[in-house]
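Notes follow once the structure below has been shown.
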Amino acid sequence: MSSLTEKDRPIVQLLLNTGTCPRCILRFCCVGSQMLYRQPHKDLMKDLQEFLKNSQEKEETVCLVVADPPCKRIRLEHREGGADDLNHNGAVPQLPSAGSGNTAMESSAGKVCNVCLGVLQEFCEADFVKKVCQKVNSADYQFTSFVFSVSLPPQLSVRERAAWLGVKQQMRNLGLPLAKDDIIQLKEAYKWIIHPQLSEELGVPADGKSLFEVSVVFAHPETDEECHFLATACPDCFKPAKNKQSVFTRMAVIKALEKIKEEHFLKHFPCPPSSPKNLCDALEIQCNNGAVFVAGRYNKYSRNLPQTPWIIDGERKLESSVEELISEHLMAKFKADSFNFSSSGREDVDVRTLGNGRPFALELVNPRRIHFTAEEMKRLQQAINDSSDKIQVRDLQLVTRSAIGHMKEGEEEKTKTYSALIWTDKAIQREDIAFLDDLKELKLDQKTPLRVLHRRPLAVRCRLIHTMKSEYIDEHHFRLHLKTQAGTYIKEFVHGDFGRTKPNIGSLLNRTADILELDVESVDVDWPPTLAD
């Protein structure tokens, strides 16, 4: 094994004798060759055996020429009580010879690794890779690449620390340095081994930037038992949390390992670690596709349709909503788990949205299907429009997450155009409302309306009415066309909301005014891009 040198021999011998698998031994010898980890487990065992045999032969050759020096090689046999580098007489114990390592290798070949708990053994084999790929294929996702993630049992951090302390002690006795940062991380080694196999089986490349994630969650039945001493030493690191079955989470264990003193650790956990009773369990094999974003504009023609589901105290008030009429088709076609709806502002249940419509976006969470042609999106838009006479959708298209920011960008500075049908208690003539046409950039002070005070903070908001144009109907009715700053409460501007909006149409006309109908005629946001019919 060309990647190993003579200084690695005591590490190999020590870890092998305590039940460490070949791949973990390579990790602790800081071997960075990915190809080496991909070799079959049995081949690696044979290579390690050959390496130790060759090292022993070289040592015996030297001993024929040089007088026997005092033996400085230590023997760190596994002891349940922990690691100690001195025997009762204060002498350094001896390592077993490479020859006696054959027996250790033969016995450890079928054992669960005392460091990785089998992750770099059974779970690197072709059978497990096929099991993962069967799960992926049965989930019926569209993907052109994948990223692989793995969640490991928390006590692996404990066992790795114990193995490192054992190796560090060994190297210290030999006068050689060892930095923990040089050790190859378990997750990294596992991905070196698993990536090529998954890529070949799935027929797509592994890509760290892929939106399609394949994840494996490993668990182990002895996690709480092995981590319990940490909770005694560092109780502040382990706090009960919602949706967590155990306080021994990976982050909590790592935090405790950073705080616990080395001598305290050595006292309570064997270094190197003892052989486990059980193999890891692949608890979950999960797939997840990154969210897909769909944008468009909608028109609402009904005065009895909320933008989002209208539910008060758990009771549904109306049977549908703009959000649901659009999302049910997209959810079905993209085969998503859930969605998040957003829009450039919102209209009340009794307000229509006309003109070019209101920009909206849907985030489709974990979609199985992600590739749609422009023609397919056009057919999907038509399906939405054919399903209801209450709404219509236009410019339906796939967009990026970052592009959605354009919809919210400068929302307060955008303008909106409205048409309001207004009633007055006192009779009016054309000349009574004509002056409204001459008012430009009218400043309003709007205290949070009473009707939205339950969901909006109390504040006074300054808003602008840019222009108004009146249209006389009869003695008690006229239509008012307004161009306003986004965020202006139009209904309150008409009736005054008990004086909470100043000035208002009632105060300007010196009579009681109320709004009978309101339409949004345009939302001046240049997004999403207009599509050709």
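The values are calculated or read from the model by the stated rules, or taken from the named source; none is laboratory data. From a predicted model like this one, the values you see are computed outputs, not experimental measurements. A quick note on method: Cβ atoms are made from the backbone with ideal geometry, for glycine too, and the neighbour counts reach across all protein chains shown. Heavy atoms of the whole protein, side chains included, go into the accessibility calculation; ligands, DNA and RNA do not. Shrake-Rupley method; radii C 1.70, N 1.55, O 1.52, S 1.80 Å.
The table below gives the values:
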| quantity | calculated |
| --- | --- |
| Odd one out for Ile285 among (1) open to solvent by less than 70 Å² (accessible area, probe 1.4 Å); (2) within 21 Å of Ala162 (Cβ to Cβ) | (2) |
| Failed item in (1) open to solvent by 10 Å² or more (accessible area, probe 1.4 Å); (2) closer than 17 Å to Lys469 by Cβ; (3) not in a strand (DSSP E or B), with Lys483 passing the rest | (3) |
| Any hit, the range 499-507, residues being under 30 Å from Ser402 (Cβ atoms) and open to solvent by less than 50 Å² (accessible area, probe 1.4 Å) | no |
| Complete set of residues in the range 335-387 that are closer than 26 Å to Gln286 by Cβ, crowded, with 21+ Cβ neighbours inside 10 Å and of a type in the set (Gly, Ala, Ser) | Ala336 |
| Residue match in the range 312-323 (condition: open to solvent by 70 Å² or more (accessible area, probe 1.4 Å), part of a strand (DSSP E or B), assigned by the TED database to the domain that holds Val349 and within 30 Å of Arg401 (Cβ to Cβ)) | no |
| Contacts under 7 angstrom Cβ, first residue in the range 480-499 being free of Cβ contacts under 8 Å to residues at least 60 places away in the same chain, partner open to solvent by 30 Å² or more (accessible area, probe 1.4 Å) and among the hydroxyl-bearing types (Ser, Thr, Tyr), 6 or more apart | Gly496/Ser507 |
| Matching residues in the range 114-156 - criterion: being over 25 Å from the mean Cα position of the chain (by Cα) and surrounded by fewer than 15 Cβ atoms within 10 Å (Cβ to Cβ) | Glu125, Ala126, Asp127, Lys130 |
| Boolean, Ile404 is assigned to a helix (DSSP H, G or I), open to solvent by 20 Å² or more (accessible area, probe 1.4 Å) and touching a strand residue (DSSP E or B) at 6+ places or on another chain (Cβ under 7 Å) | yes |
| Filter result for Glu222 (open to solvent by 40 Å² or more (accessible area, probe 1.4 Å) and not assigned by the TED database to the domain that holds Asn366) | no |
| Some residue of the range 255-262 being free of Cβ contacts under 8 Å to residues at least 60 places away in the same chain, in a loop (DSSP other than H, G, I, E, B), surrounded by 15 or more Cβ atoms within 10 Å (Cβ to Cβ) and assigned by the TED database to the domain that holds Phe372 | no |
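This table checks each residue for (1) in a loop (DSSP other than H, G, I, E, B); (2) surrounded by 14 or more Cβ atoms within 10 Å (Cβ to Cβ); (3) in contact with a helix residue (DSSP H, G or I) (Cβ under 7 Å, 6 or more places away or on another chain).
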residue: Arg456; (1), (2), (3): yes, no, no
residue: Thr467; (1), (2), (3): no, yes, no
residue: Tyr472; (1), (2), (3): no, yes, yes
residue: Phe478; (1), (2), (3): no, yes, yes
residue: Thr488; (1), (2), (3): yes, yes, no
residue: Glu492; (1), (2), (3): no, yes, no
